[in-house]
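Peer 1: Below: one structure in structure tokens.
The values are calculated or read from the model by the stated rules, or taken from the named source; none is laboratory data. Owing to the predicted nature of the structure, the values given are computational and were not obtained by experimental measurement. Backbone-built Cβ (ideal geometry, glycine too); neighbour counts: all protein chains shown.
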């Protein structure tokens, strides 16, 4: 297990520094947010099902949010992943909202944040950090999440 010093020390990505902090209360008392790089299904924009070829038409360009109490159909045809060794049949691997709800019901986490958020993947590092991350952070803070599960494809 990493030391406290290691867990709270800054990390950097291309010159940008980030601080990861330990939870201040037990997970079973914490509100957990969900961030995904998956895109909402868009009928009429080609194949987006399991194993679909890369489909740039389904990309999204701004952070989006959805109601965590509702079910959603999110897909990953807009991102590059290993389509040879991955079937992409289990949407829970990129959007585990149902599992978070079950964890809350079982008392493993305090509760699920009221919204989940989608993070664009098609930007430069500068746009991601200066625009998308700032917007995402504002939304997560608005939801009063204690921690966030980031599921990036």
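Peer 1: One residue is enough: does region 101-119 have a residue meeting the conditions in contact with a strand residue (DSSP E or B) (Cβ under 7 Å, 6 or more places away or on another chain), assigned to a helix (DSSP H, G or I), within 27 Å of residue 48 (Cα to Cα) and at pLDDT 95 or above?
Peer 2: Yes.
Peer 1: Hey, can you tell me all the residues within region 104-126 that are within 23 Å of residue 75 (Cα to Cα), surrounded by 13 or more Cβ atoms within 10 Å (Cβ to Cβ) and out of contact with any helix residue (DSSP H, G or I) (no Cβ under 8 Å at 6 or more places or on another chain)?
Peer 2: 114, 118, 121, 122, listed by residue number.
Peer 1: Continuing with this model, one more query. I want to confirm something. Restricting to region 132-153 and keeping residues that are touching a residue at least 60 places away in the same chain (Cβ under 8 Å) and surrounded by fewer than 12 Cβ atoms within 10 Å (Cβ to Cβ), which single residue is nearest to the chain's Cα centre (by Cα)?
Peer 2: 152
Peer 1: Working only within region 66-92, note down all residues that are in contact with a strand residue (DSSP E or B) (Cβ under 9 Å, 6 or more places away or on another chain) and surrounded by fewer than 14 Cβ atoms within 10 Å (Cβ to Cβ).
Peer 2: Result: 67, 69, 73.
Peer 1: Same structure, new question: Might you let me know whether region 128-140 holds any residue that is outside any helix (DSSP H, G or I) and either at pLDDT 95 or above or within 26 Å of residue 20 (Cβ to Cβ) (or both)?
Peer 2: No: zero hits.
Peer 1: Scan region 10-33 and give yes if some residue there is in a helix (DSSP H, G or I), modelled with pLDDT under 90 and more than 19 Å from the chain's Cα centre (by Cα), otherwise no. Full working, then the answer.
Peer 2: So in region 10-33, the residues in a helix (DSSP H, G or I) come out as 27-29.
Going one step further and asking which of them are modelled with pLDDT under 90, we end up with none.
Scanning region 10-33 turns up no residue that is in a helix (DSSP H, G or I), modelled with pLDDT under 90 and more than 19 Å from the chain's Cα centre (by Cα).
Peer 1: Checking the structure you have, find out if any residue of region 38-53 is without any contact (Cβ under 8 Å) to a residue 12 or more places away in the chain, exposed (fewer than 11 other Cβ atoms within 10 Å of the Cβ) and over 15 Å from residue 122 (Cβ atoms).
Peer 2: So far as region 38-53 goes, yes, one or more of its residues are without any contact (Cβ under 8 Å) to a residue 12 or more places away in the chain, exposed (fewer than 11 other Cβ atoms within 10 Å of the Cβ) and over 15 Å from residue 122 (Cβ atoms).
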